[in-house]
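Written out below as structure tokens is the structure these notes cover.
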Amino acid sequence: MVTRRRLLAAGAAGGAAALAPAGLTASGRALAAAAPLDAGDIPKYVSPLRIPPAMPPVATGPERDTYVIAVRQFRQQILPPSWPRTTVWGYGSTAHPGSFGYPAPSIVARVGHPVRVTWVNQLVDSRGDYLPHLLPVDPTLHWANPPGGGANRDRAGSWDGNPLGYRGPVPQVVHLHGGHSTQESDGHAEAWYLPAARDLPRDVAVAGSAYREFRSRFAERSGLRWAPGSATFEYANDQRSCTLWYHDHSLGLTRENVYAGPAGFYLLGGGDDLPDGVLPGPAPARDDPPEARYHDIPLLIQDRSFTADGDLLYPDAHSTGGETHSSHADVPPIWVSRFSGSTMVVNGRTWPTLTVQRRRYRFRLLNGCNSRFLLLSVVTNATARPARPVLPVWQIGGDGGFLPEPVPHERVTLGPAQRVDAIVDFTDVPAGTELYLVNEGPDGAYGGGRPGVDFPPADPRTTGQVLRFVVTDATGTDPSVPPEHLRLPAHPRLGPAQRVRRLSLNERMSSSGSMAMLLGVLDERGRGLPLRWSDPVTEQPTLGSTEVWEVRNFTRQVHPVHLHQVQFELLGRGHSGRVRPDPGDRGWMDTVLAYPWEVTRIKAHFDLPGRYAWHCHLLEHEDNEMMRPLTVLPRGGAAAGDGGSPGGPAAPGTASTDAG
Ligand SMILES: [Cu+2]
């Protein structure tokens with residue numbers, strides 16, 4: 001049998017031309033890739049939960065901590081032991097070869113103490129030749145497009161009929177999600193770079209159209225020049241203590257780059273943190289002994305599908321729909337609008353199990369799925385639906401720091417990229433009890449509402465289950481404060497806004513009947529006016545200003561709306577935008593769920609100048625135009641676009657052609 005890996009190896013050795021029609025038609029490729037592993041066959045709760053260690057720095061000092069972190073390809077046991085291993089990508093410290101993992105080690109940082117990271121793209125083989133993508137890459141989206149060269153990078157490319165799409169060297173650029181980062185350190189989608197491979201084709205663009213500008217800015221600021229195949233970013237850590245994460249952000253390629261594995265937590269402590277011992281701890285720290293016990297545990301929850309060979313499986317338009325997309329110039333041949341994996345993977349293992357003591361635990365919940373919404377609860381019966389929660393999940397924080405007060409949830413809603421900082425109290429659970437973290441979010445698109453009423457919950461036998469807890473007796477005392485008695489640090493509020501922007505989430509049918517999701521503004525009659533990534537910049541706040549954004553969702557789906565640079569406040573929801581947010585949404589956020597037909601009103605303060613982005617964090621949407629520039633203009637600069645008309649000046653470096 002021809003395995004997917006052999007196909008990919010052939011692609012690497014022979015190049016795209018050798019792969020395309022000769023013996024491998026679209027349907028042949030579909031056959032080869034269509035040996036999916038039946039998720040129901042995978043035994044659950046046989047692997048212990050992996051807890052990512054702290055990322056080792058290469059230097060620490062009073063000025064900053066310094067890291068050199070690469071992304072590499074390797075094999076890891078994601079399926080249970082004795083099942084095939086999986087080829088993935090992941091980050092690790094180049095000075096510590098054993099540190100590479102999926103998920104990556106967590107960067108442990110302190111408020112007020114900067115972190116500098118040199119991010120190296122090492123997607124190369126042992127000879128230093130570039131590795132192609134693990135997954136099919138659609139070259140027709142408005143994407144990084146290295147083969148376009150200097151003139152056509154960061155634009156739509158063309159498809160040569162190869163069912164695997166683009167097989168060249170893979171762009172990477174890392175975004176610290178939720179970070180208050182200067183523009184050159186933000187991981188802008190057009191600041192990607194290829195690995196410094198031995199065999200880079202001559203005519204490809206080796207970096208995105210924003211790379212050079214940001215490299216100069218960083219050199220001016222720090223005196224340090226980025227080496228080829230890398231970028232150095234500095235994070236000031238001048239924000240509240242919170243749970244951030246880092247992942248790839250390459251233009252039009254994020255869904256596949258993130259799906260392949262590279263992601264990690266960035267745990268920002270200190271600042272307004274509570275005194276040691278008040279919250280359950282510790283979390284992993286540098287130089288921990290191997291037997292260290294943790295009571296503050298990050299949980300990266302993702303859905304993944306596998307082939308029978310254990311490789312990652314990601315659908316493409318060929319093998320899923322069988323539609324003859326290629327005959328329509330405006331329909332991407334490979335891109336799919338949504339991904340729903342068949343298994344649940346927590347910290348890089350399918351359905352792991354965690355032995356907990358009869359005490360309190362802090363869990364940093366992160367939805368790292370491409371487009372799946374999670375509705376999580378703790379139950380004793382893993383398959384009963386509706387789920388019958390037996391322990392509350394106490395939310396103490398959201399994306400950007402602590403809530404005003406702890407909020408008990410029977411069921412936690414977590415959209416892609418969102419974090420919930422939670423406490424679960426196992427103190428009164430008898431030893432020997434088995435509990436389950438289950439998911440009642442849908443396997444399909446999510447439009448809000450209640451599981452079992454408004455949509456079918458995820459398959460209770462597979463994607464409806466996440467993690468098992470096995471409760472044991474406590475070996476020591478638990479000094480942490482019960483969540484119902486916790487007093488959380490005061491929540492700073494933003495001042496009055498200088499401007500209200502009216503924005504829209506839209507769906508637009510193409511002439512061939514495919515649906516595209518687009519951000520946009522409103523026209524003079526209050527209707528959604530969709531705009532693409534390359535259209536003139538409309539969201540241009542002035543440096544130092546505070547703005548209210550009213551985001552009207554004209555689609556039937558929930559979209560997680562993410563703004564770079566800022567942590568914002570949610571002011572209101574509902575048809576009026578005046579419905580008070582739920583208690584769990586009353587902290588700082590960087591990603592907010594915008595429900596269908598509602599107005600989601602947020603308030604943000606923009607205090608860093610330059611080029612950023614705002615986008616839907618359903619990665620399939622983000623990659624296909626559901627992203628717009630966000631440019632913070634210096635005070636006294638050109639007139640800021642008012643968000644009501646798309647006629648503002650284009651940002652420098654923004655491609656001028658339509659993505660078509
Ligand atoms: Cu979306």
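Select from the stretch 202-246 the residues that are outside any loop (DSSP other than H, G, I, E, B) and farther than 30 Å from Asn367 by Cβ and list them in ascending order.
Our first condition is that a residue be outside any loop (DSSP other than H, G, I, E, B); within the stretch 202-246, this holds for 207, 211-222, 230-235, 242-246.
Ala207, Arg212, Glu213, Arg215, Ser216, Arg217, Phe218, Ala219, Glu220, Arg221, Ser222 - these are the residues of the stretch 202-246 that are outside any loop (DSSP other than H, G, I, E, B) and farther than 30 Å from Asn367 by Cβ.
Regarding Glu550, is this residue among the acidic types (Asp, Glu), open to solvent by 10 Å² or more (accessible area, probe 1.4 Å) and not in a loop (DSSP other than H, G, I, E, B)? Even if it seems obvious, please write down each step before you answer.
Details: among the acidic types (Asp, Glu): yes; open to solvent by 10 Å² or more (accessible area, probe 1.4 Å): yes; not in a loop (DSSP other than H, G, I, E, B): yes.
It is true that Glu550 is among the acidic types (Asp, Glu), open to solvent by 10 Å² or more (accessible area, probe 1.4 Å) and not in a loop (DSSP other than H, G, I, E, B).
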* Asked: Do we find that Pro483 is more than 16 Å from the ligand (Cβ to nearest atom), surrounded by 22 or more Cβ atoms within 10 Å (Cβ to Cβ) and on the phi < 0 side of the Ramachandran plot in this structure?
  -> yes
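Provide a single number: the residues in the stretch 553-579 that are outside any strand (DSSP E or B) and either touching a Leu at 6+ places or on another chain (Cβ under 9 Å) or of a type in the set (A, V, I, L, M, F, W, C) (or both). Full working, then the answer.
Step one: of the stretch 553-579, the residues outside any strand (DSSP E or B) are 554-558, 564-567, 574-578.
Restricting the remaining residues to those that are either touching a Leu at 6+ places or on another chain (Cβ under 9 Å) or of a type in the set (A, V, I, L, M, F, W, C) (or both) gives 554-555, 557-558, 564-566, 577-578.
Total meeting the criteria: 9.
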* Structure fact -> Those residues of the stretch 342-380 which are polar (S, T, N, Q) and either open to solvent by 10 Å² or more (accessible area, probe 1.4 Å) or within 16 Å of the ligand (Cβ to nearest atom) (or both) amount to Ser342, Thr353, Thr355, Gln357, Asn367, Asn370, Ser371, Thr380
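To keep it simple, each residue is scored yes or no on (1) in contact with a His (Cβ under 7 Å, 6 or more places away or on another chain); (2) without any contact (Cβ under 8 Å) to a residue 24 or more places away in the chain.
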{"residue": "Gly223", "(1), (2)": "no, yes"}
{"residue": "Ala227", "(1), (2)": "no, no"}
{"residue": "Leu244", "(1), (2)": "yes, no"}
{"residue": "His247", "(1), (2)": "yes, no"}
{"residue": "Thr254", "(1), (2)": "no, no"}
{"residue": "Ala263", "(1), (2)": "yes, no"}
{"residue": "Pro275", "(1), (2)": "no, yes"}
* Structure fact -> Of the residues in the stretch 620-660 that are modelled with pLDDT under 95 and among the aliphatic types (A, V, I, L, M), the one that is nearest to the ligand (Cβ to nearest atom) is Ala659
* Asked: Which numbered condition trips up Tyr446, out of (1) within 25 Å of the chain's Cα centre (by Cα); (2) surrounded by fewer than 19 Cβ atoms within 10 Å (Cβ to Cβ); (3) farther than 18 Å from Thr383 by Cβ; (4) of a type outside the set (A, V, I, L, M, F, W, C)?
  -> (2)
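Where residues in the stretch 134-156 are assigned to a loop (DSSP other than H, G, I, E, B) and polar (S, T, N, Q), which of them is least open to solvent (accessible area, probe 1.4 Å)? If you could, list the steps in order and put the result at the bottom.
Going through the stretch 134-156, the residues assigned to a loop (DSSP other than H, G, I, E, B) turn out to be 134-136, 138-141, 144-145, 153-154.
If we keep only those that are polar (S, T, N, Q) too, we end up with 140, 145.
Values: Thr140: 38, Asn145: 10 Å².
Selected residue: Asn145.
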* Any residue at all in the stretch 598-609 that is modelled with pLDDT of 95 or more, buried (at least 23 other Cβ atoms within 10 Å of the Cβ) and within 14 Å of the ligand (Cβ to nearest atom)? -> yes
* When Leu375 is evaluated against the numbered criteria (1) closer than 19 Å to Leu618 by Cβ; (2) touching a Ser or Thr at 6+ places or on another chain (Cβ under 6 Å); (3) part of a loop (DSSP other than H, G, I, E, B), which criterion, by number, is the only one it fails? -> (3)
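Listed here are the residues, each with its yes/no results for (1) under 30 Å from Gly636 (Cα atoms); (2) open to solvent by 30 Å² or more (accessible area, probe 1.4 Å); (3) more than 16 Å from the ligand (Cβ to nearest atom).
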position: Gly495; (1), (2), (3): yes, yes, yes
position: Ser504; (1), (2), (3): yes, no, no
position: Glu507; (1), (2), (3): no, yes, no
position: Met515; (1), (2), (3): no, yes, no
position: Gly520; (1), (2), (3): yes, no, no
position: Asp523; (1), (2), (3): yes, no, yes
position: Val537; (1), (2), (3): yes, no, yes
position: Pro541; (1), (2), (3): yes, no, yes
position: Arg556; (1), (2), (3): no, yes, no
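The values are calculated or read from the model by the stated rules, or taken from the named source; none is laboratory data. This one's a predicted model, so the numbers in the text were calculated from it and none came from an experiment. Note that each Cβ is placed from the backbone with ideal geometry, even for glycine, and that neighbours are counted across all protein chains shown. When the accessible area is computed, the model is the full protein with side chains, heavy atoms only, and any ligands, DNA or RNA have been set aside. Shrake-Rupley method; radii C 1.70, N 1.55, O 1.52, S 1.80 Å.
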